[in-house]
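Asker: Here's a structure for you.
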Amino acid sequence: MSKMKCFAIVMSIAVVSLGSTAGQAQQPPPQSPNMSFFVTSAGPGKGADLGGLEGADRHCQTLAQGAGAGSKTWRAYLSSNAARQGGPVNARDRIGAGPWQNFKGVVVAQNADDLHSDSNKLTMENALTERGTIISATGMTPNWHDALTGSSPEGRAFPANMNLTCNNWTSSTFGSAMLGHIDRNGTVITPFVKSWNAAHMSRSCSQPDLIATGGNGLFYLLRAIAVPAKPTARASPTIAMQRMSPPTSPEAAEYAPARTVAWFARRQPAAAWRRR
């Protein structure tokens, strides 16, 4: 075979190979336009500095757009404490009414109360990314099962003196973050190891320390649908003052942030919060 023929054959193979590679590169990511819940497949890469709640929401919207669900309004499941300008924000109040379904159409919760109850369907198999993949979790390498939440088990913000939101998601150097377990599992058994939103604290807010804790700066996203307003009667001044008064019984204080923090601290040693 002449040198010219050999050269022509080699060039033909190279062109076909390049064409095949280009075709593969142009394959769109998996699409799920009906999805209304997912875990980020990747964070912004700056640890817990997400650019505040607004930056986290923008990241969500970008990921959802790539999965064909960008027409929805997405909100990160993150709380911010009272040190935030404008006051505290509860994660449960950001996400609307539900229901929420994952990439495969499995409904993980019907509403906010269901989401924060033992009856939700959040498991390693159901807490999928926007690409329909599971998160590498306990027993896998790497282990990225930690999700940033900054929230109590009820989905509420901590007091201003509890910096469990890395300066309300604007810092990778100061504070720490409350984390949930995406797989609801862990290597250190504590009363909170199965919590999807309040399992333990991170070592710090940096990307390396989030990875060392068992995560990768990931967080939950839910489609926000407005909660229908309930008609309420105008309260008398006396009733209004009663609503502003501090709780006078354990039952009335059940969801008070300070009580939540104290309850959490009594049941889990601080050292255990920093383990996986």
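Quick note: the coordinates plus some simple rules give every number you see, no bench work behind them. Every value quoted in this text rests on a predicted model; they were computed, and no experiment measured them. Here Cβ is always computed from backbone atoms with ideal geometry, including for glycine, and neighbour counts include all displayed protein chains.
Asker: Counting every Cα pair in region 29-114, what percent are over 19 Å apart?
Answerer: Result for the distance tail: 41 percent.
Asker: What is the packing order of peptides 192-205, 92-105, taking the mean over residues of other C-beta atoms within 10 Å and listing the highest first?
Answerer: 192-205, 92-105
Asker: Shifting gears a bit: How would region 31-188 be classified by its alpha-carbon gyration tensor: rounded, prolate or oblate, with rounded meaning a/c under 1.5 and the a/b versus b/c comparison settling the rest?
Answerer: rounded
Asker: Under the 0.36 nm per residue contour assumption, what length would be gained going from the current alpha-carbon distance of Gln27 and Ile134 to full extension? Write out the running numbers ahead of the final one.
Answerer: Working: separation 107, 0.36 × 107 = 38.52 nm, distance 2.05 nm.
Fully extending the segment from Gln27 to Ile134 adds 36.5 nm.
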